[in-house]
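Notes to accompany the following structure.
The values are calculated or read from the model by the stated rules, or taken from the named source; none is laboratory data. Just so it is clear, the model here is predicted, and its values are computed rather than measured. Note: ideal-geometry Cβ built from the backbone for every residue, glycine included; neighbour counts use all protein chains shown.
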Amino acid sequence: MKYVDVVIVGGAVVGSAAAYFLRAQTGFKGSVLVVEQDFSYEKSATARSAASIRHQFSTPENIRMSQFGTQFIQNIGDHLTVDGEAPEVGFHEGGYLFLATPAGRDGLEANHRVQRSLGVDVALLQPAQLQERFPWLTTADLSAGSLGLSGEGWLDAHGLMWAFRRKAASLGVAYQQAQVVGVQRAGRSIASVTLSDGTIVNCGQVINAAGTGAAELARSAGIFLPVQSRKRCVFFFSTPARLGRCPLVIDPGGAYFRPEGSGFICGISPPAEQDPECFDFEVQHALFDDILWPTLAARVPAFEAARVENAWAGHYDVNTLDHNVILGAHPEVDNLLFANGFSGHGMQQSAAVGRALSELVAFGAYRTLDLSALGWARVLANQPLLEVNVV
Ligand SMILES: Cc1cc2nc3c(=O)[nH]c(=O)nc-3n(C[C@H](O)[C@H](O)[C@H](O)COP(=O)(O)OP(=O)(O)OC[C@H]3O[C@@H](n4cnc5c(N)ncnc54)[C@H](O)[C@@H]3O)c2cc1C
């Protein structure tokens, strides 16, 4: 029977980041196997993401993780070059612009104070300043806007995932295409994982990086993980209008849009009562027709002529407690580490979370960024570490 020191379940951006950081961690010499059920990654959140990174969160941990993410991406060639070839992830530092009506202004200012205290390069703009910078924007109903001046933007998320994977493989990580159908728990530890072909892999530690498959994996270890799969749709539209410089804009009601190639992408979370756990990939076109189009056309009159060219659905792994990742071991099982419940911001956190997981495996504690606040304790105590800036 095979033995591996660390089995990582799920080999998309988070699993592959963890694999890379583990191998790059000088304190760790063990073997690593990534088990991924679909090497096409077609249905993974990573491949279906809006691929953007921001520092404008309300929770210090989220801000710090994204700051590290930007740093990592800006210097990706120093970390993930393989055989002299540096990965190209096309990072475009376009910024985020959060807009607020008078009702949302206090919240925007409170977030601004937290962000500035952590060195985020962000400016609070009055409506007249917004109008001057973005003449295509309707500002009549706005009270302020928060604009990221550097460090925020968008990139090729699929490219980032493959860059982690290639580098991890070049450092000796094994990848196997198979589904993990369960883990075998013996008291306080996981002894082995079972693959769909019946193979049993004995292991020292397991990392759950299974995205929307994470709760099922946790269940097989007798653990309830409060993470659900929730559908999110992205619409690519064209418009004859040329806006000039355009950041990723978040309207006060939560709709977002940003430039993508020759057009724009946009999306919005469905109303809570229409947002059940869901695993299908059917695009909810009514979201565009009934909510997005009227909202965007009111905000940017040039979008009146928007035409949807393409659309897709993916799934957030939503942490139903507080919309933040659940990171690290459950108190009842020592060697099963979780990295789940990203709730729509996992791509940008993959580098920080991968590094954090590698520290937990190698040293049993965080060595760089202390992410203990994102552990199981707050989940089991039912004390949310609420992120208010969820897009
Ligand atoms: C529409 C949309 C827009 C988004 N926009 C952004 C954004 O702009 N910025 C951002 O930072 N994040 C964004 N996200 C969120 C981000 O994509 C995810 O948080 C991130 O990709 C999570 O990565 P992951 O590796 O944990 O999960 P996934 O990418 O879902 O990967 C999980 C992997 O595990 C595999 N797996 C599952 N179960 C098993 C099993 N039992 N055995 C073996 N393999 C298994 C799956 O095949 C999959 O490849 C968005 C997500 C969506 C859906």
**Study point:** Qualifying position, being surrounded by fewer than 18 Cβ atoms within 10 Å (Cβ to Cβ), more than 24 Å from ASP317 (Cβ to Cβ) and among the hydroxyl-bearing types (Ser, Thr, Tyr), among SER220, SER238
**Key:** SER238
Review point. Which residue pairs have Cβ atoms closer than 6 Å, lie 6 or more positions apart in sequence or on different chains, and pair a first residue in region 7-25 that is under 23 Å from TYR316 (Cβ atoms) with a second residue that is of a type in the set (Lys, Arg) and within 13 Å of the ligand (Cβ to nearest atom)?
Key: SER16/ARG165
Revision key, fill the gap. Pairing a residue in region 334-357 that is under 17 Å from ASP5 (Cα atoms) and of a type in the set (Asp, Glu) with any residue that is more than 6 Å from the ligand (Cβ to nearest atom) and not in a helix (DSSP H, G or I), where Cβ atoms lie under 9 Å and the two sit 6 or more apart in sequence or on different chains, gives ASP334/ARG188; ASP334/SER189; ASP334/ILE190; ASP334/GLN205
Review point. Among the listed residues GLN179, GLN129, which satisfies the condition of being more than 29 Å from ARG64 (Cβ to Cβ) and polar (S, T, N, Q)?
Key: GLN179
Exercise for review: Report, by residue number, each residue of region 10-25 that is near the ligand (Cβ under 9 Å from one of its atoms) and surrounded by fewer than 24 Cβ atoms within 10 Å (Cβ to Cβ).
Suggested key: none
Check your understanding: Counting just the residues of region 26-69 that are in contact (Cβ under 8 Å) with a residue 40 or more places away in the chain, surrounded by fewer than 24 Cβ atoms within 10 Å (Cβ to Cβ) and of a type in the set (Lys, Arg), which one comes out nearest to the ligand (Cβ to nearest atom)?
Key -> ARG48
Review point. If we scan region 319-338, do we find a residue that is within 11 Å of the ligand (Cβ to nearest atom) and either of a type in the set (Lys, Arg) or assigned to a strand (DSSP E or B) (or both)?
Key: yes
Practice item. Could you check how many residues of region 339-369 are more than 11 Å from the ligand (Cβ to nearest atom) and part of a loop (DSSP other than H, G, I, E, B)? Key: 6
Point to revise | So ALA302, is it surrounded by fewer than 24 Cβ atoms within 10 Å (Cβ to Cβ), among the small types (Gly, Ala, Ser) and not assigned by TED's automatic domain parsing to the domain that holds ILE8 | key: yes
Exercise for review: Take GLY77 and decide whether it is of a type in the set (Gly, Ala, Ser) and loosely packed, with under 15 Cβ neighbours inside 10 Å.
Suggested key: yes
Check your understanding: Somewhere in region 139-159, is a residue surrounded by fewer than 16 Cβ atoms within 10 Å (Cβ to Cβ), modelled with pLDDT of 95 or more, over 20 Å from the mean Cα position of the chain (by Cα) and β-branched (Val, Ile, Thr)?
Key -> no
Revision key, fill the gap. Exception for VAL7 within (1) more than 18 Å from TRP162 (Cβ to Cβ); (2) aliphatic (A, V, I, L, M); (3) under 19 Å from the mean Cα position of the chain (by Cα) falls at (3)
Point to revise | Residues of region 93-102 classified as buried (at least 17 other Cβ atoms within 10 Å of the Cβ) and not in a loop (DSSP other than H, G, I, E, B), total | key: 5
Exercise for review: Identify, from the list ALA297, ALA373, ALA311, the residue that is at pLDDT 95 or above, of a type outside the set (Val, Ile, Thr) and within 11 Å of the ligand (Cβ to nearest atom).
Suggested key: ALA311
Exercise for review: Among the residues of region 175-223, count how many are within 25 Å of the chain's Cα centre (by Cα), more than 14 Å from the ligand (Cβ to nearest atom) and of a type in the set (A, V, I, L, M).
Suggested key: 1
Check your understanding: Which of the residues spanning region 74-90 are of a type in the set (Asp, Glu) and more than 18 Å from SER350 (Cα to Cα)?
Key -> ASP83, GLU85
**Study point:** Residue count for region 344-391, restricted to those that are surrounded by fewer than 14 Cβ atoms within 10 Å (Cβ to Cβ), more than 17 Å from VAL227 (Cα to Cα) and of a type outside the set (Gly, Ala, Ser)
**Key:** 4
